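Everything on this sheet refers to the single structure shown next.
What follows is calculated from the coordinates using simple rules that are stated; it is not laboratory data. Source: prediction; values computed, not measured. Here the Cβ positions follow ideal geometry from the backbone for every residue, glycine too, while neighbour counts run over all protein chains shown.
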Amino acid sequence: MSTGLQTASGVVVSTSWVAEHLNDPKIRIVEVDVDTKAYSEGHIPAAVGWDWSRQLCDTLRRDIISQQKFEQLMGESGITPQTTVILYGDNNNWFAAWAFWQMKIYGHADVRLMDGGRKKWLAESRELTQEAPKIQKTSYKAKTPDYSIRAFLPDVQAASSRKTADLVDVRSPQEFTGEILAPPGLPETCQRGGHIPGAKSVPWAKACNEDGTFKSPEELKTIYGGAGITGQKPVIAYCRIGERSSHTWFVLKYLLGYKDVKNYDGSWTEWGNLVAAPIERP
Amino acid sequence: MQAQEYHERKEQLAGWPVKIVSYRLGSTYYVSVHNEEPGAWIVKCEGQTLADAESKARRQAEEALAKVKRTPPAAGCTSVPGF
């Protein structure tokens, strides 16, 4: 039985592995898409859908969801602390990785990503349904939040000015240089273009193959090591709003095994709008 | 239900390299347009025929992409003492 990419931490599963575990009661499959309508078009049988814009963000505080909201979401999704959660989504798992990162902040033990995400499942013509699964609600108690995997502004300021960590900018090269303020066709959400001084540019997509699956650890080591992101120092990944960088955070922490990796979810929408913050171009 | 006729191809729209993804679910065709860098979904449209879904998606994507402002990158670092 194929389990997908062989990783030391076993956090990536293949589409075929998921297809073989659709009825496994120990597993909960969850779809999280950029396109929040995609789930209702058709999803993996028994998968629940999370809307990142409402259920994985506190838009009032501009924050991740609170522990209470997290526990509520898990309970409504039929997840217990012992459940193996398989996350997948569109855009090569951007927001699936965002959900993964939040689940790790709140201490969920067994979370995995489906390699290739929704795109690969569709391309392989695997079974889909529009039926919402019948969920037996649970009572979920999260662990104390682990903010060692989350970078806040002071961490990033120290990384930039005192080189306390390697900064990796995972946006497109044109966002990095300041030529554009947001991915082409998406709303501009910052005042200035450029990047955080000292950051290295490694666009998130370099970690993926054309079919959406992750590249091998050897290839990834060459890509990130070649940019000076070796894991010898702590690493902070950032993008525009923190979802692409949660993908890179996942790659660095779980596929390359770097010990100290943080996702800066404030990202360019915080730094690029910050009064008096230095920026670098190109 | 399964996705049928899944297809991806690369093109230029409004001067930007994009990927056009199409597939059919049941009797509905879905077409999405993604920027090539960084690979983000821009628009997605549906229709009863592939041509109908694709023409809507192309039109909406072109409108969105035409609005992108390009700024020639300036060299140098702006720094603020004491920051």
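Quick one: grab the alpha carbon gyration tensor of the protein assembly as shown, order the square roots of its eigenvalues as a ≥ b ≥ c, and give me rounded if a/c is under 1.5, else prolate or oblate depending on whether a/b is larger than b/c. In terms of gyration-tensor shape, oblate. Principal-axis analysis of the Cα atoms of chain A puts helix A:67-76 at an angle of about 30° to the longest axis. Each residue in A:21, B:7, A:108 was given a count of other beta-carbon atoms within 10 angstrom of its own, and listing them fewest first yields B:7, A:21, A:108.
Distances between placed amide hydrogens fall under 5 Å for residue A:28 paired with A:84, A:85, A:86, all partners being 5 or more residues away or on another chain.
Rank the residues A:113, A:60, B:25, A:22 as a footprinting-exposure proxy: fewest other Cβ atoms within 10 Å of their Cβ go first.
Values: A:113 27, A:60 6, B:25 18, A:22 14.
Least crowded to most crowded, the residues run A:60, A:22, B:25, A:113.
Taking Cα atoms only, the orientation of helix A:90-105 departs from the longest principal axis of chain A by about 90 degrees. Taking other C-beta atoms within 10 Å as the exposure proxy, A:103, A:114 rank A:103, A:114 from fewest upward. The amide H of residue A:279, built 1.01 Å from its N in the peptide plane, has B:78 as neighbours under 5 Å, considering only residues 5 or more places off or on other chains. For chain B, modelled as a GNM whose springs connect Cα atoms under 10 angstrom apart, the maximal fluctuation among B:55, B:32, B:22 occurs at B:55. Quick check: from the Cα gyration tensor, does region A:148-271 come out rounded (a/c under 1.5), prolate or oblate? Oblate shape, in that a/c is at least 1.5 and b/c is the bigger or equal ratio.
In order along region A:241-258, the phi-based Karplus estimate (6.51 cos²θ - 1.76 cosθ + 1.60, θ = phi - 60°) of 3J(HN,Hα) comes to 10, x, 8, 4, 6, 5, 5, 5, 4, 4, 4, 5, 7, 9, 8, 9, x, 5 Hz; Gly and Pro are listed as x. For a straight C-alpha distance cut-off of 23 angstrom, the lysines reachable from residue A:37 (same-chain residues fewer than eight places away being disregarded) are A:69, A:119, A:120, A:134, B:19, B:44, B:56.
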